[in-house]
Amino acid sequence: MRRENRLSAVAVLPQGLEDAGCEELRALGAHGVSALRRAAAFQADMACLYRLHLQARLPFRLLREMAHFRCGGRDDLYDGIRGAMDWERWLHPSMSFRVDVTGTAPGLNHSHYSALQVKNALVDQQRELWGDRSSIDLENPDLSLHIHLSRDGATLSLDGSGSSLHRRGYRAAMGAAPLKENLAAGLIQLTGWDASGPLVDPCCGSGILLIEAVLAALQQAPGLDRSFALEGWADFNPDLWHEECSRARNRRRGDLSLPAVIGIEQDPAIADQARDNVAAAGLQGVIEIREGRFEDQSLPEGPGVLVCNPPYGERLGAMDDLDSFYSALGAFARREASGWQLWLLSGNPKLTGALRLKASRRIPVSNGGIDCRWLHYALR
Ligand SMILES: C[S@@+](CC[C@H](N)C(=O)[O-])C[C@H]1O[C@@H](n2cnc3c(N)ncnc32)[C@H](O)[C@@H]1O
């Protein structure tokens, strides 16, 4: 990577998946990667930044740093933003935008207020230039700006995805208490499942863990079926983008023969949603969704990997029922999955005791703000 082409950027990651996220960034060609809290800093050239948008499975967002300036308060923020970029080139009034602010600076303790300062600086400048201003679009903006405030000053970045990268384009149906796709992909990466043995989710909900596992095994790029805010950037390079799109498309391993991948779901409506999601992801015939209770099912010949995001009381299920649910899950694992690996997402340590299994690893992760553990059990 030539030094003059180097961009500094940050990947926003699920909490607990910072190291896995760093590994993924390096594998896709990023340099100088270092883990931060819920994020990773890295350097990349434009081709690599495009590639990460198309191929990275773990980040929520990728932020490209554009400017850094001193910020001792409100006026510094207002003036700094106006001079931070060539806005005449980057933000025409016909384009919508959104502003997100994280962190604080003196007199700028509320992110909403700070974002308002940034917005005012930009629309005031647009009115002076064009007599017109952009509208704000929180859902699908043409330009998505991110400002991080700290004692060191303000960093202005562009969010290349627009809407979060966990939206792959295949999930129409949500099940109950769904995992986000990027978190599911990260959890699967931690299991080390390499498609050499079966993969089963005994309470699969919308099927996200299985879908993300198979897409990763097939090396199918998660970003090929969606659009990105970066396609509207002033320095967007369509040739380079198309090159990276073909490169992403060509990585797919059409030759891979997959083992049994099975989801079990007791709620018929949710099982149907899981089937719809499997079909939308192009994985019909690859992932089997069985409708029923896991207690009544038998597993294919193993050893394989069981993955599971059971209810844990924060959002689903009453505690008493949950105790017998976990005890049944433990009994099922002992009966059916001797020699298998079990990975279970627990949001409540009081419940996992009922499994009557001993975890060999406990990896802290956050699922939508709930402090969870991704627990590993080697079943004997
Ligand atoms: C927390 S949700 C799973 C969410 C899933 N990981 C997702 O992202 O959509 C738990 C699921 O387990 C199902 N379930 C509960 N008890 C079950 C049982 N005994 N057998 C099979 N599925 C069960 C529920 O209907 C629910 O859809």
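Read the figures in this text as sums done on the coordinates, not as results from a lab. Given the structure is predicted, the values throughout are model-derived calculations rather than measurements. Cβ coordinates were reconstructed from backbone atoms using ideal geometry, including for glycine residues, and neighbour counts include every protein chain displayed.
Amide H contacts for SER206 (H built 1.01 Å from N in the peptide plane; partners 5 or more residues away or on another chain; cut-off under 5 Å): ALA176.
For the chain, averaging the sequence separation of C-alpha pairs within contact (under 8 Å, six or more residues apart) and dividing by the residue count gives a relative contact order of 14 percent.
The residue among ALA40, PHE60, GLY73 whose Cα reaches farthest toward the positive pole of the charge dipole of the stretch 21-76, with charges on the beta-carbon of Lys, Arg, Asp and Glu, is PHE60. Angle between the Cα long axis of helix 268-280 and the longest principal axis of the chain, 0 to 90 degrees, nearest 10? Roughly 60 degrees between the two axes.
Angle of helix 319-336 to the longest C-alpha principal axis of the chain, folded into 0 to 90 degrees and rounded to 10: 60°.
May I ask you to work out the translational diffusion coefficient for the chain at 25 °C, viscosity 0.890 mPa s, via Stokes-Einstein with Rh from the Kirkwood sum over Cα pairs, reported in whole µm²/s? Estimated via Stokes-Einstein, D reaches 110 µm²/s. What the Cβ-Cβ distance of SER163 and ARG38 gives, at R0 = 22 Å and to the nearest 0.05, is a FRET efficiency of 0.75.
Net charge of the neighbourhood of GLN341, taken over other residues with C-beta under 12 Å away and scored Lys/Arg +1, Asp/Glu -1, is +1. How many percent of DSSP beta bridges within the chain run antiparallel, rounded to 5? Of all bridge pairs located within the chain, approximately 65 percent are antiparallel. Here the scattering of the stretch 3-159 is modelled by Debye summation over its C-alpha atoms, one equal scatterer each and no solvent; at q = 0.20 Å⁻¹ the log10 of I(q)/I(0) is -1.27.
Each label was represented as a point 7 Å from its Cα along the Cα-to-Cβ direction; for ASP19 and GLN284 these points are 4.2 nm apart.
Using θ = phi - 60° in the Karplus curve 6.51 cos²θ - 1.76 cosθ + 1.60, the 3J(HN,Hα) couplings for the stretch 123-136 round to 6, 4, 5, 4, 4, 5, 6, 10, x, 8, 9, 6, 9, 9 Hz; x is entered for Gly and Pro.
With r defined as the distance between the Cβ atoms of GLU231 and LEU129 and R0 fixed at 25 Å, what FRET efficiency is calculated, to the nearest 0.05? Calculated value: 0.55. Among beta bridges identified by DSSP and lying wholly in the stretch 3-159, the antiparallel ones come to about 75 percent. Each residue, LYS350 and SER246, gets one label point 7 Å from its Cα in the Cβ direction; the gap between the two is 5.9 nm. Taken one residue at a time, the phi angles of the stretch 282-287 give Karplus couplings (6.51, -1.76, 1.60, θ = phi - 60°) of x, 10, 4, x, 9, 10 Hz. Gly and Pro are set to x.
Seen from GLY131, the other residues with C-beta closer than 15 Å to its C-beta sum to a net charge of -2, counting Lys and Arg as +1 and Asp and Glu as -1.
Applying 1/(1 + (r/R0)^6) with r as the Cβ-Cβ distance of SER298 and GLN266 and R0 = 22 angstrom yields a FRET efficiency of 0.90.
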